[in-house]
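So the structure is just underneath, and the comments pick up after that.
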Amino acid sequence: MLDADVFVIGGGPAGLAAAIAACSRGLRVTVADGNRAPIDKACGEGLMPDAIAAAGRIGIVLPESEGFHFRGIGFHGEGRSMAAEFPYGLGLGIRRTSLHTHLVEQAGRAGVDMLWSTPVTGIEQSAVQTKNGRITTRWIIGADGSGSRVRRWAGLHRFTRNSQRFASRQHFAVKPWTDLVEIYWGDACQVYVTPVSPEEVCVAFISHTPGTRLADAWRRFPQLEARLGSKMPSSNERGAVTATSRLRTVVRDHVALIGDASGSVDAITGHGHCQAFQQAEALAGALVAGDLTRYAAQHRRIAFRPAMMADLMLTMDRWPRVRRRALSAMAAHPQSFANLLAGHVGALTVPQLAGAGLSLGWKMMTG
């Protein structure tokens, strides 16, 4: 008898979501990670309403009493500001370590067997090799992040696109001044401010420059320096790489990839967790059906909308003239910004989202 039906390599949010979803379908699941929980990572720490909905569909209940609920998104840049509310629900700002702690607890209650401080050293046709020995399994899931070893072991490391930017994140003990996630646009960089509690905000700075630090953000965004520059940080500054990467395929034989191991969109979209939760739901169905090609097809569909939004936003990042015209058009026509946000969180069909993008483009040319 196999030791597990499904063996997940990587115990971050994507791996735990996959494990919870598979367990809920009656499969025996083991998760292994070389770290101890909770695992921190530099990220913007905001979950959009569609991420919360996707989590709920696979049985993940996010805490109501923890974090900070935000009602929409605000843009600031080129001397203009605009904001829009989500067309449904609220977002949730929550510390990465708090989110991971809740996911670990829910995985345990679901019946997932978790092996912490247990690095995996290799995979075979029907087994994985860990530092503590060989574990047999039918399916192997790679959830080990953007530098995935599972991807390399399975021969899935052929990219159709792979570009990188650099990020730095830190928390500040200050009352949020708005119930929005704010995005500040500069030349080839952005700052995200996400309320994560009634007494704390998360600040993430993203740019094309390696070694990016928040000190660089203060120089570029004096309005943020005025609010936060003199405040004492409530966490250490952490750096990370944010990537836009697409793979030729995410499955081979008995191996499937999920989360950043399966490709990613730039953090500018705030869509990483949502994609992981949606992928987990699709993967669980494919595992029960015994057909990973179903997951590969759904993975492409799930990635399409975030990729479309990332391309739009990164075009604004790369081309100052486009950014100026886009921000000007959205400030002059608030409904255009609201339509794009609605499309971003899945409240519009893809054709409707494309139409909203074309409408904005027309306003940019004629405004």
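Taken over region 1-34, residues that are under 11 Å from Asp144 (Cα atoms) and not hydrophobic (A, V, I, L, M, F, W, C) amount to 7.
In the set (1) out of contact with any Pro (no Cβ under 9 Å at 6 or more places or on another chain); (2) at pLDDT 95 or above; (3) crowded, with 17+ Cβ neighbours inside 10 Å; (4) not aromatic (Phe, Trp, Tyr), Ala276 fails one condition alone, (1). Screening Val193 on (1) of a type in the set (A, V, I, L, M); (2) surrounded by fewer than 19 Cβ atoms within 10 Å (Cβ to Cβ); (3) closer than 20 Å to Ile73 by Cα shows it passes everything except condition (2). Being of a type in the set (Val, Ile, Thr), farther than 29 Å from Phe166 by Cβ and out of contact with any Ser or Thr (no Cβ under 6 Å at 6 or more places or on another chain), is that true of even one residue in region 247-262? Within region 247-262 (the criterion being of a type in the set (Val, Ile, Thr), farther than 29 Å from Phe166 by Cβ and out of contact with any Ser or Thr (no Cβ under 6 Å at 6 or more places or on another chain)), the answer is yes, since at least one residue qualifies. If I filter region 290-300 for residues that are outside any helix (DSSP H, G or I) and either in contact with a Ser or Thr (Cβ under 6 Å, 6 or more places away or on another chain) or within 20 Å of Val193 (Cα to Cα) (or both), do I get at least one hit? No: region 290-300 contains no residue that is outside any helix (DSSP H, G or I) and either in contact with a Ser or Thr (Cβ under 6 Å, 6 or more places away or on another chain) or within 20 Å of Val193 (Cα to Cα) (or both).
Evaluated against (1) over 29 Å from Gln279 (Cα atoms); (2) under 23 Å from the mean Cα position of the chain (by Cα), Val150 falls short on exactly one condition, (1). I need the full set of residues from region 235-253 which are closer than 15 Å to Val6 by Cβ and either crowded, with 18+ Cβ neighbours inside 10 Å or without any contact (Cβ under 8 Å) to a residue 60 or more places away in the chain (or both), in order please. Of everything in region 235-253, just one residue is closer than 15 Å to Val6 by Cβ and either crowded, with 18+ Cβ neighbours inside 10 Å or without any contact (Cβ under 8 Å) to a residue 60 or more places away in the chain (or both), namely Val251.
Counting only residues that are farther than 21 Å from Gly93 by Cβ and modelled with pLDDT of 85 or more, region 199-214 holds 5 of them. A single member of Ala296, Ala338, Ala331 is closer than 18 Å to Cys274 by Cα and either in contact with a Cys (Cβ under 9 Å, 6 or more places away or on another chain) or touching a residue at least 40 places away in the same chain (Cβ under 8 Å) (or both), and it is Ala296.
Applying a threshold of 7 Å to beta carbon distances and a minimum spacing of six or more residues, or different chains, the list of pairs starting in region 19-45 at a residue that is within 22 Å of Phe166 (Cβ to Cβ) and assigned by TED's automatic domain parsing to the domain that holds Leu103 and ending at one that is buried (at least 24 other Cβ atoms within 10 Å of the Cβ) and polar (S, T, N, Q) reads Gly44/Thr194; Glu45/Thr194. Taking helices (runs of 4 or more DSSP H) as the structural unit, those lying wholly within region 1-116 and holding at least 3 residues that are under 21 Å from Trp139 (Cβ atoms) correspond to 13-24, 96-110. Here Arg169, Arg138 are screened, and the one residue that is charged (D, E, K, R), in contact (Cβ under 8 Å) with a residue 24 or more places away in the chain and outside the structural domain of Ala19 (by TED's automatic domain parsing) is Arg169.
Of the residues making up region 35-50, those that are within 17 Å of Ile302 (Cα to Cα) and surrounded by 24 or more Cβ atoms within 10 Å (Cβ to Cβ) are Leu47, Met48.
When we screen Thr178, Thr118, Thr101 for residues that are touching a residue at least 60 places away in the same chain (Cβ under 8 Å), in contact with a Phe, Trp or Tyr (Cβ under 9 Å, 6 or more places away or on another chain) and surrounded by fewer than 23 Cβ atoms within 10 Å (Cβ to Cβ), the only hit is Thr178. When Arg134, Arg169, Arg161 are screened for being among the basic types (Lys, Arg), surrounded by fewer than 19 Cβ atoms within 10 Å (Cβ to Cβ) and more than 25 Å from Leu2 (Cα to Cα), only Arg161 passes.
The values are calculated or read from the model by the stated rules, or taken from the named source; none is laboratory data. Every value quoted in this text rests on a predicted model; they were computed, and no experiment measured them. Here the Cβ is made from the backbone with ideal geometry for all residues, glycine too, and neighbour counts use every protein chain on show.
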